[in-house]
1. For segment 171-223, what class follows from the C-alpha gyration tensor (a ≥ b ≥ c being the square roots of its eigenvalues): rounded when a/c is under 1.5, otherwise prolate if a/b is larger than b/c, else oblate?
2. Output the peptides 100-106, 118-124, 85-91, 64-70 sorted from most to least packed, where packing is the average of other Cβ atoms within 10 Å over each peptide's residues.
3. Roughly how many nanometres apart are two label points built 7 Å out from the Cα toward the Cβ at residue 230 and residue 71?
4. Between their Cα atoms, which of 185/216; 160/216; 135/216; 157/235; 65/239 are more than 22 Å away from each other?
5. Take the alpha carbon gyration tensor of segment 141-238, find the square roots of its eigenvalues, order them as a ≥ b ≥ c, and report rounded if a/c is under 1.5; if not, report prolate when a/b exceeds b/c, else oblate.
6. For the pair residue 174 and residue 100, how long in nm is the line joining their label points, each one 7 Å along Cα→Cβ?
7. Rounded to the nearest 0.05, what FRET efficiency do residue 205 and residue 60 give with R0 = 51 Å and r taken as the Cβ-Cβ distance? Could you check?
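Laboratory data are not the source of any read-out in this text; all were calculated from the coordinates shown. Just so you know, these numbers come straight off a predicted model, no measurement behind them. Please note: Cβ atoms are built from the backbone with ideal geometry, for glycine as well, and neighbour counts cover all protein chains shown.
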Amino acid sequence: MENEDFQCISTNYPLDYKNGAYLADFDKSIKWTGDPQEIKRDLEALGLLVLYVVNQGDISFESLKDLRTGELIQLSPDEETWDLIHHLFFPGDNVKDHLSGLLGHPFFWSWASRYRTLRDVGNESDIKTRNANGKILQLLQPGTSEFSTSFAQWTTKIDKFVMENMNDYYKKGNIYRDTVGDLLKFIRNLGEHINEPKNREMKSKIGEPSQYFQEKFPDLVMYVYRKLQNTEYTKHFPKTHI
């Protein structure tokens, strides 16, 4: 990689990103000054670097530079990367402050942080009580134009033994439903009880919950993030330190 491509970018990737590598010191690049067009070029260069890192060098950096923007975005291996890359290539008009706003993006959250966020959101009282008039459930409601997601009909995608045992906690047939709110409540409740001795068999089938849920529902974290960002519920997101 040529140094001039990243003259305004201070990033490195000494750690692993989902068993690979991810960017560190990203926050040192947030205070750009100068021509907006130069900043846009730097954001694009950073987007190329992100793709190079998350693909673990399987695609050469020179090859990435030759691809069109649409082709580059499609190289994103997961929802978090896709969304971050899209923001880097299409920053909008306020480019000088754009990067600082991305520091809290789920791309930079650990799997444990993503899981904790889902659990904390699922612990909201309106979600636990299925208060359809509650603000958070209204925010989480899918729009009519939204595409089908990995968590549509989510109850059929959970291990059958685990699903039956979790439903046994409820009486009078008040079982989990195929809603986003109930999925978040399920994640919260299972997280609270999975390590109890009586649930050893459920634990053996689930394994590590943070990995299980993110593999089953790879777009859930980004869905929750998009729905709740810029609301008071960002209190459940990992704290960003600049």
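1. Values: a/c = 2.34, a/b = 1.11, b/c = 2.12.
Oblate, since a/c reaches 1.5 and b/c is not below a/b.
2. 118-124, 85-91, 100-106, 64-70
3. In this crude label model, residue 230 to residue 71 measures out at 3.3 nm.
4. 135/216; 157/235; 65/239, as the Cα separations exceed 22 Å there.
5. On the way: a/c = 1.82, a/b = 1.54, b/c = 1.18.
The shape class here is prolate.
6. Here the modelled spin labels are 4.7 nm apart.
7. Efficiency computed from Cβ-Cβ geometry: 0.80.
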